[in-house]
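The structure appears below as structure tokens.
The values are calculated or read from the model by the stated rules, or taken from the named source; none is laboratory data. A quick note: this is a predicted structure, and the numbers were derived from the prediction, not measured. In this analysis, Cβ positions are derived from the backbone assuming ideal geometry, glycine residues included, and neighbour counts consider all displayed protein chains.
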Amino acid sequence: MSGRTPLVAANWKMHKVRAEARDYCTELRRRIEGVRGAEVVLFPGFTLLGTVAEALAGSSIAWGGQDLHPVPQGAHTGDVSGAQLADVGCSWVLCGHSERRQDHGESDELIGAKAAAARHSGIKPMVCIGETEEQRSSGRTFEVLDRQLAAALGAEPRPGAIAYEPVWAIGTGKTATPELAQEVHAFLRRRLEKALGSAGTALRLLYGGSVKPANAAELFAQPDIDGFLVGGAGLDPGQFFDIIGSSCA
Ligand code: PGA
């Protein structure tokens, strides 16, 4: 037993409108009542945060934004600040999801600044890292992860959690094998402990990339996998609940 509380998060990406968000939250709340042993977080789109906050008020389920701007306020059309996320009750925020790295050209440095901004707003950053297929096949996986992790940890204070999401496994149905995921998580754990000491032992390392009810239990059985960041299967409350069930300590 690692002593780390499992953490399971659903990233809704650019899916759902308010009525769907409300129905999802009602259903997940109903199912989750009485379930102990895992921390659960939803990452809806910005326009849904108010609805989700209302629907989850008083429950054990937390919610967060999918991104934030690194400065606290100002002339940044279309962006959202940490203070604005905190204002709608967010306790988490995703930083550096590979889709933001790809679609918006986010650099490691920017992601580190976002993680620091989140902390300054009282929100825990869940920093996403992961190699592309090309980086893996050219033998650069650990070099890439080392660089991405160092940028995340350079942000003071440190992240709330790290999500390892191999880019080639996101939305593709190609999950990393439990052995491959554990190999990377063990590497990241050693790096975290070297950088942060006992805080590095306590930090939760999540796996993401085509996690489903059918593969969650064998991934969760790995000693350095502390939970999941789920995309596709997290859009359905039943499937997400089954993944949570496989992740209770
Ligand atoms: P997926 O997405 O579960 O659909 O592969 C994971 C993610 O992007 O966080």
Does LEU68 count as part of a loop (DSSP other than H, G, I, E, B), at negative phi and surrounded by 20 or more Cβ atoms within 10 Å (Cβ to Cβ)?
-> yes
Helices (runs of 4 or more DSSP H) contained in region 85-161 and holding at least 3 residues modelled with pLDDT of 95 or more, touching a Lys or Arg at 6+ places or on another chain (Cβ under 6 Å) and more than 20 Å from PHE187 (Cβ to Cβ) = none
Take ALA176 and decide whether it is in contact with a strand residue (DSSP E or B) (Cβ under 9 Å, 6 or more places away or on another chain), modelled with pLDDT under 95 and either closer than 28 Å to LYS16 by Cα or surrounded by 20 or more Cβ atoms within 10 Å (Cβ to Cβ) (or both).
-> yes
Residue ID - nearest to the ligand (Cβ to nearest atom), chosen from residues in region 212-235 that are in a loop (DSSP other than H, G, I, E, B) and in contact (Cβ under 8 Å) with a residue 40 or more places away in the chain | GLY231
Of all residues making up region 236-249, the number that are within 15 Å of the ligand (Cβ to nearest atom) and in a loop (DSSP other than H, G, I, E, B) | 3
Quick one: PHE240 ticks every box in (1) under 21 Å from GLN66 (Cβ atoms); (2) modelled with pLDDT under 95 except a single one, so which number is it?
-> (2)
Only one of (1) buried (at least 22 other Cβ atoms within 10 Å of the Cβ); (2) free of Cβ contacts under 8 Å to residues at least 12 places away in the same chain fails for LEU85. Which number is that?
-> (2)
ILE225 being closer than 26 Å to ALA118 by Cα and in contact with a Cys (Cβ under 9 Å, 6 or more places away or on another chain) | no
Check off (1) buried (at least 22 other Cβ atoms within 10 Å of the Cβ); (2) more than 13 Å from the ligand (Cβ to nearest atom); (3) small (Gly, Ala, Ser) for GLY197 and give me the number that stays unchecked.
-> (1)
